[in-house]
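Before any comments, here is the structure.
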Amino acid sequence: MSASESQFRGPSTKVHQGHLSNRAIVNLFIWPTLILLIAMNVFPLFYSLYLGFTNYSAIARQAPVWVGFQNFSNILNDKQLWEYFATTGRYALMSVSLQTLVGFGLAMLVREKFKGGGVLTTLILIPMMISPVVVGLFWKLMYNPTFGFFNFLLGFGNPSQAPDWLASRFAGQPMTGLALFAVVIVDVWMWAPFVMLLVLSGLKAIPDYLYEAAAVDRASSWFQFWRITLPQVAPLLLIAILFRTIEAFKSFDLVMGMTGGGPGVQTELISVDLYRIAFLGQFRTGLGSALAYIILIIIIAISNLYIKYLNQSKGEG
């Protein structure tokens, strides 16, 4: 190697050694993020699992006392908690079913090209962009029996002004039996656009030649819907149902903003009761952690059923 080559290569090598390698740069960005995720998600997840097996209160200056499965046993043998689970199940069934129907109908409507379609789609999406607490307070004012125009129009606030079928349904008692359905209406109003978005993306992906071939064969619109449209959007529709079912079982802020679990316990969802146990007045942290994991297990079980059916619909089951 000549002196000129050595002089040329030497500084270049030193400069290269002074820089970080690509692998080091990748680690420099990844590891702080991983540490942050572990500190904020993984550690609380396992620590709350540990607390579920203890008698512990966050406001008591005492160390957790190990009680084994006592908290889980108390929950599984509490009839009142199972009533809250039943209320949550009814809420999830009604809200997800209506969101699916309304969202699918909206998607079929806005997929057609017409003047002002873009503006209409934007207006439909507005509810899901608003905070659930704000939505709950907004609809609480609309449902108010004194000055809420929604109740005034339907006659819910005064039984004497209610329709005959409502008056006979709630004769001799306050008209509060529709509280859960009133919350369902708000949830559908807020999240049906989410279902619409997923279904609309599936509708846009259907090849036009399928409908053209069906038209050549003189297939009816109903036949095209059942044999072309629905099978093609079914996977995305099931994904939307899965997401909304999970969120329905976790629903908290909307109900707290509207009813706080009332009147009585008619809208006392299990997530609302979990909040009362773990924080509001009781601060039974150990029992609340055990209940949270029972809810998690139920959500995972329901999700697996959806995923299994989704894989079967795609021919992978």
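Brief remarks on what is shown
- Flag if PHE69 is at pLDDT below 90, surrounded by fewer than 16 Cβ atoms within 10 Å (Cβ to Cβ) and either out of contact with any Phe, Trp or Tyr (no Cβ under 9 Å at 6 or more places or on another chain) or not aliphatic (A, V, I, L, M) (or both): no
- The criterion of at least 3 residues that are over 21 Å from the mean Cα position of the chain (by Cα) is met by the following helices (runs of 4 or more DSSP H) wholly inside segment 187-293: 208-216, 221-224, 230-250.
- The condition of being in contact with a helix residue (DSSP H, G or I) (Cβ under 9 Å, 6 or more places away or on another chain) and surrounded by fewer than 11 Cβ atoms within 10 Å (Cβ to Cβ) holds for only one of LEU76, LEU20, that being LEU20.
- Flag if THR122 is assigned to a helix (DSSP H, G or I), under 22 Å from ALA192 (Cβ atoms) and at pLDDT 90 or above: no
Every residue, every condition in (1) farther than 24 Å from THR121 by Cα; (2) modelled with pLDDT under 90, yes or no:
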site	(1), (2)
TRP189	no, no
ALA192	no, no
ASP217	yes, yes
PHE225	no, yes
GLN232	no, yes
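- Count - residues of segment 257-275 that are closer than 25 Å to ALA58 by Cβ, of a type in the set (A, V, I, L, M) and either crowded, with 20+ Cβ neighbours inside 10 Å or without any contact (Cβ under 8 Å) to a residue 60 or more places away in the chain (or both): 4
- Residues satisfying the stated conditions in segment 145-187, i.e. under 18 Å from GLY264 (Cβ atoms) and modelled with pLDDT of 55 or more: PRO145, GLY177, LEU178, ALA179, LEU180, PHE181, ALA182, VAL183, VAL184
- Under the condition of being of a type in the set (A, V, I, L, M) and either in contact with a strand residue (DSSP E or B) (Cβ under 7 Å, 6 or more places away or on another chain) or free of Cβ contacts under 8 Å to residues at least 24 places away in the same chain (or both), the residues counted in segment 34-75 number 12.
- Restricting segment 270-315 to residues that are of a type in the set (Gly, Ala, Ser) and over 14 Å from SER48 (Cα atoms), the residue that is modelled with the lowest pLDDT: GLY315
- For the residues ASP253, ASP217, ASP208, the requirement of being under 27 Å from TYR293 (Cβ atoms) and of a type in the set (D, E, K, R) singles out ASP253.
- Checked against the criteria, TRP226 counts as surrounded by fewer than 16 Cβ atoms within 10 Å (Cβ to Cβ) and not small (Gly, Ala, Ser).
- Out of VAL255, VAL265, sole residue that is hydrophobic (A, V, I, L, M, F, W, C), under 16 Å from ARG90 (Cβ atoms) and out of contact with any Leu (no Cβ under 6 Å at 6 or more places or on another chain): VAL265
- Pair list, Cβ under 7 Å, 6 or more apart: segment 210-233 residue over 26 Å from TYR309 (Cβ atoms), other residue among the aliphatic types (A, V, I, L, M) and at pLDDT 85 or above: TYR211/ILE228; ALA214/ILE228
The values are calculated or read from the model by the stated rules, or taken from the named source; none is laboratory data. This structure is a prediction, so every number in the text was calculated from the model and none was measured. Every residue, glycine among them, receives a Cβ derived from its backbone with ideal geometry; neighbour counts consider all protein chains shown.
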